[in-house]
Amino acid sequence: AATVDISGPATICGTDSTNLVLSGGPFTSIQWSTGAQTDNIRVAAGSYEVTVTADGLCPATDIIDVIAFTTPDPIIAGPDTICYTDTVQLTVDTNFVSYTWSTGDTQSTIQANQPDSYSLMVVDSNGCMGVDTFQLTHFDSLQLLLPETAAFCPGDEVTLAAPADLVSYLWSNGDTTV
């Protein structure tokens, strides 16, 4: 009988594909379960069978199962809006084998204080990659208006006021009232 062996990765990630190659030829005919008749085919996850013949020999068959691992789906967590002076911690929700942030960091958590789009690529224990992107923005800046006469002499009094619709107040002297 002819001899045939299917080689190629038997595992893939998500919807990836892989190349399966025959060895043991030369063959006079090749028939894959997909209908292909070549010595190599590109396939997704599934079960594949090939039958070959060689001059003067009985047909030979081989089977391979290609298994797809689930593609990782990292989710970056953290506040998406911060004040200009704040720093926020962005973290991923699952433990992976490796992390690569758009900042160059390689840990599962980073510190961010700039409004920007932060992306993260992770690799799981199967070697599969997943990506997430997180948009960090700053709150609109608060505009306080000083009185028209901003110059005054020692001993003079000036009244400073903030808009009455704010949630809280803290003046430099410790006062918390409007």
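The values are calculated or read from the model by the stated rules, or taken from the named source; none is laboratory data. What you see is a predicted model; the values in this text were computed from it and never measured. Here the Cβ is made from the backbone with ideal geometry for all residues, glycine too, and neighbour counts use every protein chain on show. When the accessible area is computed, the model is the full protein with side chains, heavy atoms only, and any ligands, DNA or RNA have been set aside. Shrake-Rupley method; radii C 1.70, N 1.55, O 1.52, S 1.80 Å.
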TODO: Among the residues of the stretch 131-178, write down those that are at pLDDT 80 or above and touching a Leu at 6+ places or on another chain (Cβ under 9 Å).
DONE: Val131, Asp132, Thr133, Phe134, Leu136, Thr176
TODO: Would you check if there is a residue in the stretch 67-77 being open to solvent by 20 Å² or more (accessible area, probe 1.4 Å), over 27 Å from Gly130 (Cβ atoms) and in a strand (DSSP E or B)?
DONE: no
- [ ] For the stretch 95-130, name all the residues that are open to solvent by 60 Å² or more (accessible area, probe 1.4 Å), closer than 15 Å to Thr71 by Cα and in a loop (DSSP other than H, G, I, E, B).
- [x] Asn95, Val97, Ser125, Asn126
- [ ] Those residues that are under 16 Å from Gly78 (Cα atoms) and β-branched (Val, Ile, Thr), I need them from the stretch 104-123; list them, please.
- [x] Thr109, Ile110
Open item on the list: Being surrounded by 12 or more Cβ atoms within 10 Å (Cβ to Cβ) and either β-branched (Val, Ile, Thr) or within 11 Å of the chain's Cα centre (by Cα) (or both) is the filter here; which residues of the stretch 78-94 pass it?
Closed with: Thr81, Ile82, Val88, Thr91, Val92, Thr94
Open item on the list: Cβ-Cβ distance below 6 Å, separation of 6 or more or different chains: which pairs start in the stretch 113-131 with a residue that is in contact (Cβ under 8 Å) with a residue 24 or more places away in the chain and end on one that is open to solvent by 40 Å² or more (accessible area, probe 1.4 Å) and aromatic (Phe, Trp, Tyr)?
Closed with: Asn126/Phe69; Cys128/Phe69
TODO: Examine the stretch 54-62 for a residue that is open to solvent by less than 60 Å² (accessible area, probe 1.4 Å), modelled with pLDDT of 95 or more and over 25 Å from Leu136 (Cβ atoms), and state whether such a residue exists.
DONE: yes
Open item on the list: Can you pull out every residue in the stretch 82-94 that is of a type in the set (Ser, Thr, Tyr) and in a loop (DSSP other than H, G, I, E, B)?
Closed with: Tyr84, Thr85, Thr87, Thr94
Task: Top-ranked residue of the stretch 1-43 - restricted to ones that are assigned to a strand (DSSP E or B) and touching a residue at least 60 places away in the same chain (Cβ under 8 Å), ranked as least open to solvent (accessible area, probe 1.4 Å) - done: Cys13
